[in-house]
Amino acid sequence: MGTRGLPVKGLVAGGTALLLVGGGGGVVAAAEPRPGVREQGPAQRRTIADCKNVSVDPARLPDGPEVSLRLDGKSLTVEKAFKVLTAPRLRVSLTPEAVQTMREYRRDAVALVTRQNPPPPRVYGWNQALGPLKDKPISPEESKDFQNRVLASHGVATEPVLPGRIARLALVIRANQMARGHMGVRPELPGKFLELVNNGVTPVMPQVGSLGSGDLQPMAVAGQVVTGAGGCASWTRPGHPMRVAGAAEILRDAGIAPAELEMGEALPIMSGSTVVAASALEALHRGEAQADLAEGAFALFMEALRAEAGSLDTRTHDERQIPEQKEVVARLRALLDGSEFMTDRTRRRFNPEDTHRVQDAVSVRAAPHILASLRQNLNHAEKVLAPEMNASTSNPLIFRKKDGQVEFVMGGNWDGAVLGHSLDALNAGLVDAGVLSQELSARLLSSRWSYGCPPIWLGARWV
């Protein structure tokens, strides 16, 4: 145990010491980096401190067609993001126009913060330090070392790690956001992100940490991987098993030169909600597939139950005036078009006593509405994510004034509240759909509630 009873072991990742904060807010201890920090048996130990026994999903499949993408900072779509998640191989590059835009913003931003007369503006993370030390100036001579120290001090997190497909998408999204030019980085930095992606190298990005908000910790670790200064990376090649090792070793073996950061380039790597966006896109991708399956399964359920078709009458759903509800009903009607199961003749065939239905149970009649709510939440998440991928989500940002000169603006574009709230709503929709599935499944497993469906569905002997 550490000072004041706080645990020290198990809190170090990538060789970075973690400062422990006591109840009064003061720094009370500093943990020394140690390999294999977890207090577990040798067979159970998993740690990203030494890159051993780390469970990482492959970033891509070993074989398959290559998908090409061009990033310009303004046209990355949700559909293209889905391809990044699922494509066997990727070839991603920046457009020449984006490269030129970045070079111009970078040139003018550096000139502004390094000018001698008049004195340059004080800019967070460029010529000023961070956090409580934001009033401490950073000289141009100290700047390069400062960038690496920023990544090291923020790259403190631990397992579980993000799936490789999410980490890969985070790199692509961040490169696209940088391509807008307003973060002020050289095009070589997002180009290095894409070099990793194109060669099957993916940072092992930990999920658990408690430093500030946004993506500070996982993206700081990604920055350490890109620079070869620390962290772990996975390497996947066609015909070869995935390999996980220290970033410097993986970069060397993959023939990738480590990035060298310059003034103001550490914050644009980690200040943002890019990992949140990538995770949200992966959830959206899975959620849309689950919604498709839920609608198909419900159509099959209606046939199995010989349900009343009246609950899908378009007049009822048109009256509610919810677009997603009308769309769900239209798809269900198309799936059930021509079905003989939902007729009085078939009901009597299965159960001669099934002749006096007035209406089906609430869970059956309300299913289109519940599935429509899920679709509405999926649509909202997509509307939030589409602009997020093509926005400058960092601090500070650089803008060009009417006179052609640039200025720095400090703000909070890194905040992920809008993304988080959309994910809360999506989770609620998925839970509702799951509860509906449970209720409908229970109805099928009861001969009484299913109007005499055969007990063989329960595993009983058919008689």
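The values are calculated or read from the model by the stated rules, or taken from the named source; none is laboratory data. On a predicted model such as this, the values are computed, not experimentally measured, just so you know. Cβ sites come from the backbone with ideal geometry, for glycine too, and all protein chains shown count toward neighbours.
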Item to check | Filtered residues of region 206-231 (kept if modelled with pLDDT under 95 and either of a type in the set (Phe, Trp, Tyr) or in contact with an Asp or Glu (Cβ under 9 Å, 6 or more places away or on another chain) (or both)) | outcome: Pro206, Gln207, Val208, Ser213, Gly214
Checklist entry - Of (1) modelled with pLDDT of 95 or more; (2) on the phi > 0 side of the Ramachandran plot; (3) not β-branched (Val, Ile, Thr), Cys51 satisfies all except one. Which? => result (1)
Item to check | Test result for Ile269, outside the structural domain of Leu378 (by TED's automatic domain parsing), buried (at least 17 other Cβ atoms within 10 Å of the Cβ) and part of a helix (DSSP H, G or I) | outcome: yes
Item to check | Pairs where the first residue, in region 131-151, is farther than 19 Å from Gly412 by Cα and not assigned by TED's automatic domain parsing to the domain that holds Gly223 and the second is loosely packed, with under 10 Cβ neighbours inside 10 Å and at pLDDT below 90, C-beta under 6 Å, 6+ apart | outcome: none
Next on the checklist: Restricting to region 105-131, name every residue that is part of a loop (DSSP other than H, G, I, E, B) and surrounded by fewer than 17 Cβ atoms within 10 Å (Cβ to Cβ).
Outcome noted: Thr114, Arg115, Gln116, Asn117, Pro118, Pro119, Pro120, Pro121, Arg122
Checklist entry - Which residue pairs have Cβ atoms under 6 Å apart, sit 6 or more places apart or on different chains, and have a first residue in region 359-376 that is within 23 Å of Thr343 (Cβ to Cβ) and a second that is in a helix (DSSP H, G or I) and among the acidic types (Asp, Glu)? => result Ser363/Glu439
Next on the checklist: Condition first: in contact (Cβ under 8 Å) with a residue 60 or more places away in the chain and of a type in the set (A, V, I, L, M). Can you find one or more residues in region 439-454 that meet it?
Outcome noted: yes
Next on the checklist: Out of the residues in region 86-104 meeting the condition of being in a strand (DSSP E or B) and at pLDDT 95 or above, tell me which one is surrounded by the fewest Cβ atoms within 10 Å (Cβ to Cβ).
Outcome noted: Arg91
Checklist outcome for this item: Being of a type in the set (Gly, Ala, Ser), surrounded by fewer than 23 Cβ atoms within 10 Å (Cβ to Cβ) and more than 29 Å from Val113 (Cα to Cα) narrows Gly255, Gly231, Gly200 down to just Gly255
